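J.: Dumping the structure here so I can ask a few things about it.
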Amino acid sequence: MTDSHVVFAIVLAVALGYFSYNVQRLIGYLRIGRLDDSRWGNIPARLWNLIRIGIFQEKIFRDSVAGPMHAAIFWGFCVLGAGTLEAILEGVIPGFSYRDLLIDPAYRFYALNQDLWGALVLAAVGFALFRRLTKRVKRLMGAETHPNDPLLILSWIGALMVTMFLAGAFLYVGYADEPLVRPLTYAVSRAFTWVNPSTARLLAEDFWWAHVLLVLGFLNYLPFSKHLHVVASLPNVFLSNTSGPGQVGVMQPMDLEGDAEVFGAKDVDQLSWKSLMDGFACTECGRCTSVCPANLTGKPLSPRKIMINVRERLEQKAPFLTGDTTYQKGDRDAVMAKSLLDDFITEEELWSCTTCRACVQECPVSLDQLSVILELRRNLVLGESRFPEEVMPAFESMEQRGSPWAFDPGDRGKWADGMNIPTMAEMAERGERPEVLYWVGCAGSFDDRAKKTTVAFAKILQAAEVKFAILGQEEKCNGDPARRMGNEYLYQMLAKDNVETLNKYGVRTVVTACPHCFHQLGNEYPQFGGDYEVVHHSTYIASLLAAGRIPIVEALHAPVRTFTYHDSCYLGRYNGVYEAPRDVIKRALPIVNLVEMERSKDKGLCCGAGGGRMWMEEKTGKRINAERADEAIATGADAIAVACPFCMTMLNDSVTSRDSHVAVYDIAEVVADRLA
Amino acid sequence: MKIAVCIKRVPDMDVRFKIAPSGLTVDESGLKFDMSDFDGYAVEVAVQITEKLGAGEVTVISLGADNVQETLRKALSIGAHKAVQLKHDAPVSDGYAIATALAAELQGGGYDLVMFGRMAVDTQNRSTGVLTAELLGMPVISAISKLDVENGMVKARRELEGAFELVETSLPAVVTIDEGIARPRYPSLKGIMAAKKKPLEVKPAQLGEQRYVLEKLELPAERAAGRIIGEGKDAVPELVRLLKEEAKVL
């Protein structure tokens, strides 16, 4: 063992020791978060997420420019990791080389890959730097970001590659018998043939030192950088629930009976530890913010800022809670007096969210920005009774009348007058049971425009001879607006009432035309003992049409109509229903030209009504529904189809305000219009 | 500063009512109940006064059957400190009988300020507050839209048609609250939880003599549907005839 091996062994021990100290420190920070045991179940599904989202970079590729660039760097890192390990072992064990371990074709393959991936990473890093420095990529900018950090990191990676190539090149110059297994490195070495071999051997060693020191430095810089994602993102993808296992987009119930002092989250220590980890895994790539309907239309919300704030506040507060004196900055009382809510994230940011889930969908490392927003909203409403004042009547009416709009609950079934539709109570009295319960929802029961959809769908069911019933006066708001606005107390009151009603009648299958009701009844009511098969009317109509159960008029010479379909968030991103409504339009209108908007399916833009925004004023920036209507009108379609009463209201209002002749239909109306 | 607020449990008014078989009350099935709107403003104002002073106590009082406890809890959840139910199961229509029971409770309670809504939104009698003040021998300012309590004095504003007046009296006093003064806050879950632990005392109501009784409650006759008598000029003579003979407005 030479002196340099001893020196390196000490350097390595210090570097690994300091890195592991910092990792443990950060894990200690996560421990201040709320317990969350929903992160370990269904390991196979989690491994599958890790493979497709992590290893295969599935979400990274959603951006066709940054995707291949990042994948090259990521896969390069995986491959080059083997080389880094070899370099480090070389440093500790005299004369170590994979050459002695790997039988020849394997070693050649390894070495060739080091060479090629090294070049690819260098090219990708070069492109990334070029992109950051010369192109003003909007999503990479933003007041909340740390713009110099990526430049440093990219240069650092570049330097890692350069030192790797130079160390190898000088080996070729210094040792004539070095096997030619790294063609690119060899090519580089040709530029240095003028160097004296003994000098080259020293230079090879110097560049080896430079390379391993850069590696160890990089490792130890990570815990202080946004590039902590290098370490945190793969575990984060594994632990995330945003792509399953289980139904996505489901809010977890709060225990309202206990003696909780704080409701929801006001500060980082009241968030789940997983939300805190999201802060560490965030790469500040801005994909979330670039698809956020609120952000796109000039509202103050940026989902990326939410995640950055979580990490900032965590790193500010956690040292005081864990007794980590080294990282305690500022006065204890001043730090403790602050909170994530208000001091970092404002009320206005939180109320701008439509809960459309586009941010969560887009995040390449499976962060859940939405859960932080919703936990903070819970604190605003349940803890402090702070919310936009125009929401108060909706809350009061949901509580008093079981609907966010102040209609007489006795009028809920009025749309069905004269249609000969029985209520569950009437059927039960006759000792009958319907094939399906048609859950109408508040919009479908009280909103004049939505009532037309309700009637249309009921006519379809009748034409298809489906034996169905409604609840009439016994139906109440599903509670989604209350829950998404943070009012879990009111939500649970409504949900439990509804579950009681549904269970009383032994309901098994529910069909509804409202994606919010659909999501609640199907995905969130199981939390309260409500287990039903819930089908959205788009899927239901599609299957009735496919089975030939709906008599439709033949119209061979009908004019060609151009439709564009607007995806509802709670149907699409929350439940993955994209094809059924499109299928319905195509089947119902034999001569139809279905055109897609620029943002459609899982990239669809929200109408602006979700997350309780339906009951809030939209004062800042462009109206989200106007943005969406403009996009729809730009397709040149003569009609917009929707499958949600809220999308209907939002788009209808906006299309009307634009003096456009484009009509907005629910898919049920499209079909009902063609009933024989 | 001790404040008492007298509140009433009333049905949600945005529904179509049915009359109960007795013919004396509305049919309560399917109805939702809450604090009368003006009483809610009064509770909010009272809570704001104690919050501003950083001291004081708000007691809410309601007369009725046990279901008024829900209404009292709601008042506690938005910041009142304690509650008293004056238990009386049968409905009472005469404000004087109620005022007697309230005065009996308020007398000797040491209250500096007694507040009422200017009327209950269901029966709209407007009498209980002022009658109680008279029985207590306190000055009363009714239907106020602004209230300042300072140095033992009450300064209140009253809205008139196109004008307003400022009225002043000394404590102890009774005020009845009009709208526009304050919106009751939405109860936070924290408030609802805290309300469960606040004291709620139940006492028998010492009801006074009922000097009138409700004889009958009736809904107005349903309005007949409109009629289309025709279009254009030709319909005018018929319209004129109907306005003269049926509607008798011409």
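J.: Name the long-range amide H neighbours of A:Ser38: under 5 Å, sequence gap of 5 or more, or other chain; modelled H, no Pro or chain starts.
T.: none
J.: Using only protein heavy atoms and a 1.4 angstrom probe, determine the accessible area buried between A and B, summed over both sides, in Å² to the nearest 100.
T.: 1900 Å²
J.: On to the next question. What's the local net charge at A:Pro235, with K and R +1, D and E -1, over the other residues with C-beta under 13 Å away?
T.: The answer is +2.
J.: How far is it, in nm, from the label point at B:Val240 to the one at A:Asp343 when both lie 7 Å from their Cα along the line to the Cβ?
T.: About 8.1 nm separates the two model spin labels.
J.: Sorted by accessible area (1.4 Å probe), largest first, how do A:Ser339, B:Ser29 line up?
T.: B:Ser29, A:Ser339
J.: Is there a quick way to get the dipole size of the stretch A:554-672? I mean about its Cα centre, with the Cβ of Lys and Arg at +1 and of Asp and Glu at -1; what is the value in debye to the nearest 20?
T.: 240 debye
J.: Enter the mean number of other protein chain beta carbons within 10 Å of the beta carbon of each residue in A:382-393, as an integer.
T.: Average neighbour count from other chains, rounded to a whole number: 3.
J.: Which of the residue pairs A:Lys451/B:Lys74; A:Lys496/B:Lys190; A:Lys59/A:Lys274; A:Lys414/B:Lys18 have a Cα-Cα distance greater than 23 Å in the structure shown?
T.: A:Lys451/B:Lys74
J.: Something else now. How about chain A: what cysteines have no other cysteine beta carbon under 4.7 Å from their own?
T.: A:Cys78, A:Cys282, A:Cys285, A:Cys292, A:Cys353, A:Cys363, A:Cys442, A:Cys477 - these cysteines have no disulfide-compatible partner (Cβ-Cβ under 4.7 Å) in chain A.
J.: Let me ask something else about it. So in chain A, what percent of DSSP beta bridges are antiparallel if you round to the nearest 5?
T.: So the antiparallel bridges amount to about 5 percent of the total.
J.: Could you check the spin-label model distance between B:Glu179 and A:Arg39? Points 7 Å from the Cα along Cα→Cβ, value in nm.
T.: With each label placed 7 Å out from Cα toward Cβ, I get 5.1 nm.
J.: Describe numerically, in nm with one decimal, the distance between label points set 7 Å from Cα along Cα→Cβ at A:Lys496 and at A:Leu202.
T.: The two pseudo-label positions are separated by 8.1 nm.
J.: Arrange the peptides A:175-185, A:513-523, A:69-79 so that the one whose residues have, on average, the most other Cβ atoms within 10 Å appears first.
T.: Descending mean neighbour count gives A:513-523, A:69-79, A:175-185.
J.: Using only alpha carbon positions, build the gyration tensor of the stretch B:1-126, then give the equivalent ellipsoid semi-axes as the square roots of 5 times its eigenvalues, largest first, whole angstrom.
T.: Largest first, the stretch B:1-126 gives 27, 16, 12 Å.
J.: Can you work out the FRET efficiency for the pair A:Ile51 and A:Lys135, with r the C-beta to C-beta distance and R0 = 35 Å, to the nearest 0.05?
T.: Rounded to the nearest 0.05, the efficiency is 0.65.
J.: At a 1.4 Å probe, what is the % contribution of carbon and sulfur to the accessible area of the stretch A:554-672?
T.: Of the solvent-accessible surface of the stretch A:554-672, carbon and sulfur hold 49 percent.
J.: Using helices alone, I'd like the mean residue ellipticity at 222 nm for chain A: each DSSP H run of four-plus residues gives -39500 (n - 2.57), total over residue count, nearest 500.
T.: -16000 deg cm²/dmol
J.: Compare B:Ser36, B:Ser22, B:Ser145 in a GNM of chain B, Cα atoms joined below 10 Å, and give the one with the largest fluctuation.
T.: B:Ser22
J.: Say we join alpha carbon atoms closer than 10 Å with springs in a Gaussian network model of chain B; which of B:Pro187, B:Pro91, B:Pro237 then has the biggest fluctuation?
T.: Highest fluctuation of the listed residues: B:Pro237.
J.: What FRET efficiency comes out for the pair B:Ala221/B:Lys32, r = Cβ-Cβ distance, R0 = 25 Å, nearest 0.05?
T.: Given R0 = 25 Å and the Cβ-Cβ separation, E is 0.40.
J.: Mind checking which aspartates and glutamates have their C-alpha under 14 Å from A:Lys299, skipping anything on the same chain fewer than 8 residues away?
T.: Cα-Cα hits under 14 Å: A:Glu347, A:Glu348, A:Glu349, A:Glu617, A:Glu618, A:Glu627.
J.: By average Cβ neighbour count within 10 Å, what is the ranking of A:340-347, A:386-393, A:16-23 from highest down?
T.: Order by mean packing, descending: A:340-347, A:386-393, A:16-23.
J.: So which of A:Lys305/A:Lys619; A:Lys338/B:Lys2; A:Lys504/B:Lys82; A:Lys452/B:Lys244 end up more than 30 Å apart by C-alpha?
T.: In this structure, A:Lys338/B:Lys2; A:Lys504/B:Lys82; A:Lys452/B:Lys244 lie more than 30 Å apart at Cα.
J.: In whole percent, and with a 1.4 Å probe on the protein chains, what portion of the accessible area of the stretch B:2-204 is carbon and sulfur?
T.: Reported share for carbon and sulfur atoms: 50 percent.
J.: For A:Glu598 and A:Phe61, what is the calculated FRET efficiency with R₀ set at 25 Å and r taken between the beta-carbons, to the nearest 0.05?
T.: 0.85
J.: So with the 1.4 Å probe, I'd like the accessible area per residue for the protein assembly as shown, rounded to whole Å².
T.: Per residue, the protein assembly as shown has 45 Å² of solvent-accessible surface.
J.: Let me ask something else about it. Under a straight-distance cross-link criterion of Cα-Cα below 27 Å, which lysines are reachable from B:Lys248, leaving out those fewer than 8 residues away in the same chain?
T.: Result set, ordered by chain and number: B:Lys233.
J.: Can I ask one more? Which whole-Hz couplings ³J(HN,Hα) result when phi for each residue of the stretch A:230-236 is put into the Karplus expression 6.51 cos²θ - 1.76 cosθ + 1.60, θ = phi - 60°, listed in order with x for Gly and Pro?
T.: 3J(HN,Hα) across the stretch A:230-236, in whole Hz: 4, 8, 8, 6, 5, x, 5.
J.: Only Lys, Arg, Asp and Glu count, each charged at its Cβ (+1, +1, -1, -1), so figure out the dipole size of the stretch A:398-545 about its Cα centre, rounded to 20 debye.
T.: Charge dipole of the stretch A:398-545: 240 debye, to the nearest 20.
J.: Using the alpha-carbon centroid of each, what span in Å lies between the stretch A:391-420 and the stretch A:96-110?
T.: Between the Cα centre of the stretch A:391-420 and that of the stretch A:96-110, the gap is 75 Å.
J.: Among the residues of the stretch B:174-189, which ones have their accessible area go down by 30 Å² or more when all the protein chains sit together, as opposed to their chain alone (1.4 Å probe)?
T.: Those residues are B:Arg183, B:Tyr186, B:Ser188, B:Leu189.
J.: If you stretched the chain out fully between A:Asp3 and A:Thr656, how much longer would it get, using 0.36 nm times the residue separation minus the C-alpha to C-alpha distance?
T.: Between A:Asp3 and A:Thr656, full extension yields 227.0 nm more.
J.: With an 8 Å Cα cut-off and a minimum separation of 6 or more residues, compute the relative contact order for chain B in percent.
T.: Relative contact order for chain B comes out at 24 percent.
J.: With +1 on the Cβ of every Lys and Arg and -1 on the Cβ of every Asp and Glu, and nothing else charged, how large is the dipole of the stretch A:119-258 about its Cα centre, in debye rounded to the nearest 20?
T.: Once rounded to the nearest 20, the dipole reads 720 debye.
J.: Sticking with this one: Please report, as a whole percent, how much of the solvent-accessible surface of the stretch A:1-148 comes from carbon and sulfur atoms (probe radius 1.4 Å).
T.: 71 percent
The values are calculated or read from the model by the stated rules, or taken from the named source; none is laboratory data. None of the values given here were measured: they were computed from a predicted structure. Methodologically, a virtual Cβ is constructed for each residue, glycine included, from the backbone with ideal geometry; neighbour enumeration extends over all protein chains shown. For the accessible areas, the whole protein counts, side chains as well, though only heavy atoms, and no ligand, DNA or RNA atoms are used. Shrake-Rupley method; radii C 1.70, N 1.55, O 1.52, S 1.80 Å.
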